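One structure below.
The values are calculated or read from the model by the stated rules, or taken from the named source; none is laboratory data. These figures come from a predicted structure and were not determined experimentally. Glycine also receives a Cβ, built like all others from the backbone with ideal geometry; neighbour counts cover every protein chain displayed.
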């Protein structure tokens, strides 16, 4: 069953009266529930634009986008925000953690803003999610007391707190060394394998894409490859 259905999706940026950029050129793509996908392509290929559309951060010029049964093609800002907060978890290259806030408080934020949950339940759920990503006992640590890999784990726990239908990860290992890259990608792999979470990762690194099960490659706003990823070698990511 498709969790994402895209048909003839177009995104045009009008830079001036006579200059426009076709970031997405009538692309079609289906993603099944529980898939683990890498989106690849050079800078300007359209992969980031696609992620912004999938995350309801940008509106397509035309075409169909259905997320978990909901037609998102022409929603207003409030409708997008509601669906984004309930169905999508975001993980970014720069972690996007609040620097003066503890790990557990960072994880609590999406539920805190959503409201309707007691402080005790909020803390319990955030603590459980930190344990899920291997950070039990680190709840009170601020980001500057955590390694890059640990900060990204906090961000992943935060992305999971609302039980989203999908996780969108934009270059999630871009600021990490080889060891932490392996750790974070193994975490994504276990979340997909053990919990069945649909995970979509934008990356320019073939080694990172090697952790996923499917690779979609963009060039000039078009999908030029959509293929299964060969089973990853046991030794994992290697430094170049």
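Contact map, region 42-58: first residue at positive phi and touching a residue at least 24 places away in the same chain (Cβ under 8 Å), second residue surrounded by 20 or more Cβ atoms within 10 Å (Cβ to Cβ) and part of a loop (DSSP other than H, G, I, E, B), Cβ cut-off under 7 Å, separation 6 or more or different chains; pairs are 46/221; 56/72.
Taking the numbered list (1) part of a helix (DSSP H, G or I); (2) over 20 Å from the mean Cα position of the chain (by Cα); (3) under 25 Å from residue 188 (Cα atoms) in turn, residue 110 passes all entries but (2).
Scanning region 106-122 for residues that are buried (at least 17 other Cβ atoms within 10 Å of the Cβ) and over 23 Å from residue 180 (Cα atoms) yields 108, 110, 111, 122.
Tell me yes or no: at least one residue of region 44-58 is part of a strand (DSSP E or B), in contact with a helix residue (DSSP H, G or I) (Cβ under 9 Å, 6 or more places away or on another chain), surrounded by 14 or more Cβ atoms within 10 Å (Cβ to Cβ) and modelled with pLDDT under 95.
If we filter region 44-58 for residues that are part of a strand (DSSP E or B), which is where we start, we get none.
Checked region 44-58: no residue is part of a strand (DSSP E or B), in contact with a helix residue (DSSP H, G or I) (Cβ under 9 Å, 6 or more places away or on another chain), surrounded by 14 or more Cβ atoms within 10 Å (Cβ to Cβ) and modelled with pLDDT under 95.
Residue count for region 120-134, restricted to those that are part of a helix (DSSP H, G or I), over 19 Å from residue 100 (Cβ atoms) and touching a residue at least 24 places away in the same chain (Cβ under 8 Å): 3.
Which members of region 14-27 meet the condition of being surrounded by fewer than 19 Cβ atoms within 10 Å (Cβ to Cβ) and either within 22 Å of the chain's Cα centre (by Cα) or within 15 Å of residue 47 (Cβ to Cβ) (or both)?
Scanning region 14-27 gives 21, 22, 25.
Taking the criterion of being in contact with a helix residue (DSSP H, G or I) (Cβ under 8 Å, 6 or more places away or on another chain), over 17 Å from residue 33 (Cβ atoms) and surrounded by fewer than 22 Cβ atoms within 10 Å (Cβ to Cβ), the only residue of region 185-204 that qualifies is 187. For region 148-190, a residue qualifies if it is free of Cβ contacts under 8 Å to residues at least 40 places away in the same chain, farther than 16 Å from residue 209 by Cα and under 15 Å from the mean Cα position of the chain (by Cα), and the qualifying residues are 153, 163.
Figure legend. Inter-residue proximity from region 135-147: first residues in contact (Cβ under 8 Å) with a residue 40 or more places away in the chain, second residues exposed (fewer than 12 other Cβ atoms within 10 Å of the Cβ), beta-carbon distance below 6 Å, spacing 6+ or different chains. Indicated pairs: 143/99. The set of residues in region 8-25 being touching a residue at least 24 places away in the same chain (Cβ under 8 Å) and either more than 16 Å from residue 59 (Cβ to Cβ) or touching a helix residue (DSSP H, G or I) at 6+ places or on another chain (Cβ under 6 Å) (or both) consists of 11, 23, 24, 25.
Among the residues of region 62-87 satisfying the criterion of being more than 17 Å from the chain's Cα centre (by Cα), surrounded by 13 or more Cβ atoms within 10 Å (Cβ to Cβ) and in a loop (DSSP other than H, G, I, E, B), which is modelled with the highest pLDDT? The residue in question is 72.
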